[in-house]
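See structure below.
Please treat every number below as a calculation from the coordinates, not as lab data. This is a predicted model, so every value here is computed, not measured. No Cβ is skipped: glycine too gets one built from the backbone with ideal geometry, and neighbour counts run over all protein chains shown.
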Protein chains: 2
Amino acid sequence: MRECTRVHLKHDAEREEGLIRKKVAALAGVSEATVSRVLSGGGAVKEETAKRVIEAAQQLNYVPSALAQRFALRKSGNLGVILPMLPKVNLFSTYYFSEVLSGIGMTAKQRGYDLLLLFREPHEPRDYANLFRTQKIDGCVILGAQDVPSERAALTELQEGGYPFCLVNQRFEGEAYNSVDADQQAGSRDAARHLLTQGFRSICFLNGPSVYSNSQDRLQGYRDALEEAGLAFDPVQVLTGNYSRKSGYLQAKAVAALVRERKIDAVIAANDRMAIGLLQGLKELGIRVGDEVALIGCDDSDLVRMTDPPLTSIRVPFFEIGCEAASRLLDLVTNAEGSGSFDVKLPVKLIERASSAP
Amino acid sequence: MRECTRVHLKHDAEREEGLIRKKVAALAGVSEATVSRVLSGGGAVKEETAKRVIEAAQQLNYVPSALAQRFALRKSGNLGVILPMLPKVNLFSTYYFSEVLSGIGMTAKQRGYDLLLLFREPHEPRDYANLFRTQKIDGCVILGAQDVPSERAALTELQEGGYPFCLVNQRFEGEAYNSVDADQQAGSRDAARHLLTQGFRSICFLNGPSVYSNSQDRLQGYRDALEEAGLAFDPVQVLTGNYSRKSGYLQAKAVAALVRERKIDAVIAANDRMAIGLLQGLKELGIRVGDEVALIGCDDSDLVRMTDPPLTSIRVPFFEIGCEAASRLLDLVTNAEGSGSFDVKLPVKLIERASSAP
């Protein structure tokens with residue numbers, strides 16, 4: 001009975017579509033075949049003619065059924081990735097973004113989705129929900145989210161609208177958003193433990209901005225290790241950069257002063273880029289890393305093997321984080337069996353190199 | 001008069017939309033307000049209700065006017081980038097793709113476009129035109145295109161359909177497709193000239209596959225320099241890899257044999273990745289680059305500064321190539337003043353380092 005109604009309606013709809021296509025053709029002063037050709041995007045039609053057909057279709061609110069169907073299914077076939085536009089940074093050339101995006105891209109491709117990259121300027125409004133409303137995307141992974149009010153508002157809107165999204169390497173205190181992260185706290189705890197085992201006693205921590213939960217987690221791991229070893233936490237030994245190479249370089253003077261005053265004998269940097277900048281700055285100031293001061297980075301990016309000395313670093317499985325985020329999110333989008341909200345933490349691993357030898 | 005007709009039709013269309021929305025509401029057994037809420041994607045509606053509305057809309061071929069308008073304008077707001085899916089390669093982590101994509105991404109963002117990445121598997125059908133027909137993209141940049149019949153067929157279809165596209169670093173003999181490239185021929189000519197000036201006499205050329213026009217151009221530049229210097233071209237001195245680091249590494253034995261038989265005293269590799277692989281392989285075989293044999297790469301990627309010895313390389317402005325491709329293509333898409341078909345070649349520059357010292 002239901003099937004009958006559906007077929008009947010389908011015939012009605014087809015007849016209606018034929019009628020309106022006739023109206024479009026008449027209004028544009030062309031044949032119905034031309035209307036079909038223009039609106040299906042196939043075959044050669046003069047630009048002037050195409051323009052007339054499109055105007056007529058617009059005036060009559062006519063949309064071919066193929067598009068109507070796609071609309072009704074509410075699927076774009078696109079997985080969105082929101083990522084920050086950083087001034088003067090070639091985003092894809094940074095180890096972090098390139099690895100995470102490779103993981104997301106490969107997984108999306110395997111699942112038959114295309115990747116829509118949505119660059120967000122630092123001070124642009126964050127209207128993520130609109131990307132779903134306008135059907136640009138079926139789900140989205142958010143990279144580089146910051147714990148600021150505008151971000152929280154945008155995420156609340158997504159959550160309340162039931163739009164599937166996933167945060168990567170970011171957590172919002174008090175909110176149970178889907179997320180995939182690495183165990184950053186364990187990472188810097190292991191780094192500090194390793195330094196203490198090697199005989200270092202006064203460890204400086206060069207952190208990133210606290211709007212990133214990863215920065216807070218890393219600082220906590222460092223504090224945990226100090227506490228375990230019965231050492232006091234000294235805020236003077238915590239410096240802050242912005243995860244750029246330059247910001248590490250700019251802290252070299254402060255670090256050099258602490259080293260010369262024998263207030264520190266080791267540094268943990270919250271990412272490799274800052275560690276590499278710091279290494280360069282210390283070299284210019286005549287301080288030998290691996291000799292006068294130990295240094296550990298975080299990320300284990302390809303560059304730390306090539307520095308002099310090679311840097312000990314915490315390997316974070318960014319590619320796998322990207323795969324996991326895309327895979328879990330697409331399970332949600334397609335409503336796959338067993339899919340539901342998730343909060344994944346992947347393990348990290350300390351890779352020892354010359355920069356932290358006793 | 002024309003304006004009058006338009007207004008009249010607009011009112012007609014609005015009334016018609018109201019009528020059909022009423023029908024959808026009746027069929028789904030919900031209020032008109034609920035239909036609006038579901039189809040605009042705003043507000044909370046039970047999933048079961050939303051599903052009924054969508055089914056009803058689908059049966060009646062109803063599409064809200066906002067979407068209809070977007071359809072009529074035929075704009076997705078997306079710039080497509082077609083790029084190859086290489087097995088075991090994190091695409092975004094390769095210098096070439098990351099730089100070109102950064103340029104494309106920054107330009108698209110500045111022009112208000114989002115970036116849709118379309119990964120193509122090596123043996124997948126290349127139905128590029130369908131991306132336009134289904135309005136996923138308004139224009140597309142094609143990276144890693146190969147001169148093979150299936151690619152030619154797909155590009156011919158795009159060209160005949162009048163769909164705006166741009167090739168990057170690839171040319172098709174006999175076709176006037178829009179493209180942005182670097183002057184690769186000048187690059188390897190300059191590299192060979194430089195080696196000859198430094199006193200080297202027998203230069204081996206490690207090329208990439210000939211399905212890429214860049215490989216052909218680079219080989220031609222090498223041959224030009226030999227001819228200028230009155231030296232014979234010897235096919236035995238041309239080796240082929242596939243632009244991967246491993247393929248350079250695998251040629252180390254052949255190169256080492258040529259060096260030991262004093263048949264060559266220098267190598268030009270068609271990209272840095274192969275040069276770095278070769279350098280590593282030669283080191284393992286006990287051949288000292290920069291001493292027993294000179295080596296020049298191509299791309300001037302960030303890694304060549306950090307090898308031992310640092311590699312002379314040809315700087316190719318990949319980021320600028322990405323910017324130029326996106327910018328010219330979006331001019332075409334938006335029909336900007338002065339836009340038209342284009343074939344741009346950006347200059348390259350030899351950067352001297354220790355690996356090619358006499």
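For this structure, a couple of remarks:
- Neighbouring Cβ atoms from other chains, within 10 Å of the Cβ of residues in B:115-127, number 3 on average.
- Cβ-based charge dipole, the protein assembly as shown, positive-most Cα from A:Tyr163, B:Phe97, B:Ala56: B:Ala56
- The angle between the Cα long axis of helix A:213-228 and the main principal axis of chain A comes to about 30°, on a 0 to 90 degree scale.
- Shape call, chain B: gyration tensor on alpha carbons, a/c limit 1.5: prolate
- By definition, a body whose alpha carbon gyration tensor gives a ≥ b ≥ c is oblate when a/c is 1.5 or more and a/b is not larger than b/c, and the stretch B:85-131 fits this oblate description.
- Rounded to 5, percent antiparallel among DSSP beta bridges of chain A: 10 percent
- Cα-based shape type of the stretch B:219-278, given that a ≥ b ≥ c are square roots of the gyration tensor eigenvalues and the cut on a/c is 1.5: oblate
- Hull volume in cubic angstrom per residue (convex hull over the Cα atoms of the stretch B:204-358): 126 Å³
- Look at A:Thr312, A:Thr49 and count the other Cβ atoms within 10 Å of each Cβ; fewest to most, that gives A:Thr49, A:Thr312.
- The B:Glu261 and A:Ile351 beta-carbon pair, evaluated with R₀ = 56 Å, returns a calculated FRET efficiency of approximately 0.85.
- Efficiency of FRET from Cβ geometry, A:Lys75 and A:Asp127, R₀ 22 Å, rounded to 0.05: 0.60
- In the protein assembly as shown, helices alone account for a calculated mean residue ellipticity at 222 nm of -14500 deg cm²/dmol, with every DSSP H run of four or more residues adding -39,500 (n - 2.57).
- Between helix A:149-161 and chain A there is an angle of about 40 degrees, using the helix long axis and the longest principal axis of the Cα atoms.
- Helix B:184-197 and the longest principal axis of the Cα set of chain B meet at an angle near 20°.
- Here the label points at A:Ser341 and B:Glu173, each 7 Å from Cα along the C-beta direction, are separated by 6.2 nm in the simple model.
- Each other copy holds its own label point for B:Gln159; taking that point as 7 Å from Cα along Cα to Cβ, the gaps run 5.4 nm, nearest first.
- Size of charge dipole - the protein assembly as shown - debye, nearest 20, with Cβ of Lys, Arg +1 and Asp, Glu -1, no other charges: 820 debye
- Under the combined filter of DSSP loop state and at most 10 neighbouring Cβ atoms within 10 Å, the stretch A:77-139 retains these trypsin sites (Lys or Arg not before Pro): A:Lys88.
- For the pair B:Phe233 and B:Arg201, a Förster radius of 22 Å applied to the C-beta separation gives a FRET efficiency near 0.95, rounded to the nearest 0.05.
- In nm, spacing of pseudo-spin labels at A:Thr134 and B:Gln220 (7 Å Cα→C-beta vector): 4.3 nm
- Over the protein assembly as shown: Kirkwood hydrodynamic radius from C-alpha pairwise inverse distances, Å: 28.6 Å
- Note on the stretch B:283-341: percent of Cα-Cα distances in each 10 Å bin, starting at 0 and stopping at the bin with the largest distance, equals 19, 29, 18, 16, 12, 6.
- GluC sites (Glu not before Pro) restricted to the stretch A:184-274 and DSSP loop, no more than 16 other C-beta within 10 Å: A:Glu261
- Bridging of A:Lys51 to lysines at a Cα separation below 22 Å is possible for A:Lys22, A:Lys23, B:Lys10, B:Lys75, B:Lys136, once same-chain residues fewer than 8 apart are set aside.
- Entry note: the stretch A:172-280 has Rg to Rh equal to 0.98, where both radii use alpha-carbon atoms and Rh is the Kirkwood radius.
- Put in line by how crowded their Cβ is, counting other Cβ atoms within 10 Å and starting with the fewest, B:Cys204, B:Cys323 read B:Cys323, B:Cys204.
- Cross-link reach is defined here as a Cα-Cα straight distance under 16 Å, omitting same-chain residues fewer than 8 places apart; for B:Lys253 the lysines meeting it are B:Lys263, B:Lys283.
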